[in-house]
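Bear in mind these aren't lab numbers, they're just calculated from the coordinates by the rules spelled out. Worth saying up front: this structure is predicted, and the values here are computed from it rather than measured. Please note: Cβ atoms are built from the backbone with ideal geometry, for glycine as well, and neighbour counts cover all protein chains shown.
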Amino acid sequence: MGAVLWWLPQAVAVRAYRKLTYVINDGLLQRWVTPARFRRFQASMADQLGGHFYVIVMPQTLHFLLPCLRLVAHDMRLILLLNGVRRWEAELLRARWPKLPQFRVATLPNSSVGHGSMINMLLQNNDRNFGLFDHDLYLFDKTVLAQLEFADEEFLLCLLSDASVDGQWVYPLTHFLYFRVDVFKRLMERYSVGAQSYRDVPEPARARLDTLGLRDGATIKSYHDFYDTLHVLLALAYAEGLSVAQLDLATTDGVYHVGGTSIGTHHTKDLAHLYIQLLFLEVANEPLLQRRYAFLTAPFTSASELRKHVPKTPQAVQQLRVADEVIGRLRRTFGTKPSIAPE
């Protein structure tokens, strides 16, 4: 009971603050501050654009990001978008990966910009095709990087996808996406919509979605009552006869996505998520991270001890299985020594 009385007011305050920051970060700052700065940033590295990937760096996620970068930083042209990270986090990344460009998005303290707003910014300020790569995606199969070409009817490439319950709508999972920019720009201009999530779709996109049977309550992701990130643009592209292509993996274990590592706050994380946090903190073997991120898993200090308390629900078992497989594969790739940060 004491824990509830201690944590509940904090969780409520965080939720209220996040609603405020959404109005400021995704509205005022994304409209009036960040775009001009981002255009100057893009112009300063114009020769590196085209076929590049952005990694949106979220606060308190570096223990997931470091091994992610170590896997692919020498195989891809990456740009780090600092979305609310602390100064010390940016400095740690710069020390580890000094050649990776960094751009800091304008935000209020202790907050970040929504994923859809970030994608809008990238689509509006790129003339050449680019990709998005999640901070907790672990790509072992590099053969997919040679497949980044669009067929005539394709407008988006992905690694993995899912489908609505009725099987009618296929949608890409957003942890690895490669955008055909000219198509997205055309759809955004023609229908006055963006990549953000929507509860109420504006005209003329609403009328176009109606012709597909995607009316109120009939969204692509069946378990949502709204259009998730990118889904309005996805449906409009489908209406024009375009398609999403899924890249071919050479092996069944060529990619892993942990997921859920930047959603919510530590106040509301369940034991399975806390175990995954602790596991990656231990394997990253970064004293600064272990010290600065200790509050994320307090009062627990050992992943092996915490694991004993995780309930054996199907969801938790699946989460732990994925995390354990990622760690095992990382250790086999980088060697048996504890640290998986770059040498």
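Observations on the structure shown:
- R291/S44 FRET efficiency (R0 35 Å; Cβ-Cβ; nearest 0.05): 0.50
- Relative to the longest principal axis of the Cα atoms of the chain, the long axis of helix 314-334 lies at roughly 80 degrees.
- Centre-to-centre, using Cα atoms only, region 61-91 and region 129-165 are separated by 19 Å.
- Pairwise FRET efficiency - S192 versus E149, Cβ, R0 = 30 Å, nearest 0.05: 0.50
- Folded to 0 to 90 degrees: helix 271-284 orientation relative to the chain principal axis, Cα: 80
- Qualifying chymotrypsin sites (Phe, Trp or Tyr not before Pro) for region 230-309 [loop in DSSP, other Cβ within 10 Å: at most 12]: none
- In a DSSP loop and with at most 12 other Cβ atoms within 10 Å, the trypsin sites (Lys or Arg not before Pro) in region 46-153 are K99, R128.
- When the trypsin sites (Lys or Arg not before Pro) in region 182-288 are filtered for DSSP coil states and for at most 13 other beta-carbon atoms within 10 Å of their beta-carbon, the remaining sites are R199, R215.
- Length gained on full extension, E91 to A250: 53.7 nm, using 0.36 nm per residue less the C-alpha separation.
- Greater than 29 Å apart at Cα, pairs in K99/K142; K185/K221; K221/K312: none
- Folded to 0 to 90 degrees: helix 115-124 orientation relative to the chain principal axis, Cα: 50
- Mean residue ellipticity (222 nm) of the chain, computed from DSSP H runs ≥ 4 via -39,500 (n - 2.57), nearest 500: -12000 deg cm²/dmol
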